[in-house]
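> So that we are looking at the same thing, I have put the structure below in C-alpha cells.
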Amino acid sequence: MTSHLYRFFPALEGLEITVSAGSVADALAELNQLAPNFSDYILDDTGALRRHVNLCINNELIVDRKKLSDQLGEEDTLYIFQALTGG
C-alpha cells in the first residue's frame, strides 16, 4: 500500500500482510481486522471502492470496483494505491 496510508494506519507499516485467498472484499475484511476502520477509509457507504483509490492484483487493476468480487489466488499480491490530490 502507499506510504500515505500508514499515516492513518501505523499498525500496518512495515508489515507483509498475508490473508486467505478469496475475493478482494474478503481480503479487505481481514485487513480491517488488523487495522479497524481501514475499509471505511477506502470504501464508500455502499461498500464500493472510493473514486480516489485503486486496487491491483499483481499488475492488473481490479475489474469489480462495486462488489470487489475479483478473486485472489494464493500467490497473488493485492496493491492498494490512494491517489493524492491538491493544488
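> Work out how much length Tyr79 to Val19 would gain on full extension: take 0.36 nm times their residue separation and subtract the Cα-Cα distance, in nm to one decimal.
Extending this stretch completely gives an extra 20.3 nm.
> Would you mind calculating the relative contact order of the chain from Cα pairs under 8 angstrom and at least 6 residues apart, reporting the percent as a whole number?
32
> Report the net charge of residues surrounding Asn37, where surrounding means a beta-carbon distance below 15 angstrom and charges are Lys +1, Arg +1, Asp -1, Glu -1.
Charge balance in the 15 Å sphere: -2.
> For region 28-41, in order, what is each residue's ³J(HN,Hα) by Karplus, 6.51 cos²θ - 1.76 cosθ + 1.60 with θ = phi - 60°, in whole Hz (x at glycine and Pro)?
5, 5, 5, 5, 5, 5, 6, 9, x, 6, 4, 4, 4, 6
> Also, I was wondering about something else. Taking Rg/Rh (Cα atoms, Kirkwood Rh) as the quantity of interest, determine which of (1) 0.95; (2) 0.93; (3) 1.81 was computed from the displayed structure.
Recomputing Rg/Rh (Cα atoms, Kirkwood Rh) here gives the entry labelled (2).
> Please sort 38-45, 4-11 by packing, taking for each peptide the average over its residues of neighbouring beta carbons within 10 angstrom, highest first.
38-45, 4-11
> Another question, if that's okay. Summarise the accessible area of the chain (1.4 Å probe, protein heavy atoms) by the percent that is carbon and sulfur.
Percent of accessible area from carbon and sulfur atoms in the chain: 48.
> Next question, about the same structure. Considering only protein heavy atoms, what per residue accessible area in square angstrom results for the chain with a 1.4 angstrom probe?
Each residue of the chain exposes 67 Å² on average to a 1.4 Å probe.
The values are calculated or read from the model by the stated rules, or taken from the named source; none is laboratory data. Values in this document were obtained by computation on a predicted structure and should not be read as measured data. Ideal geometry is used to build each Cβ from the backbone, glycine not excepted, and the neighbour counts take in all protein chains shown. Only protein heavy atoms, including side chains, enter the accessible area calculation; ligands, DNA and RNA are left aside. Shrake-Rupley method; radii C 1.70, N 1.55, O 1.52, S 1.80 Å.
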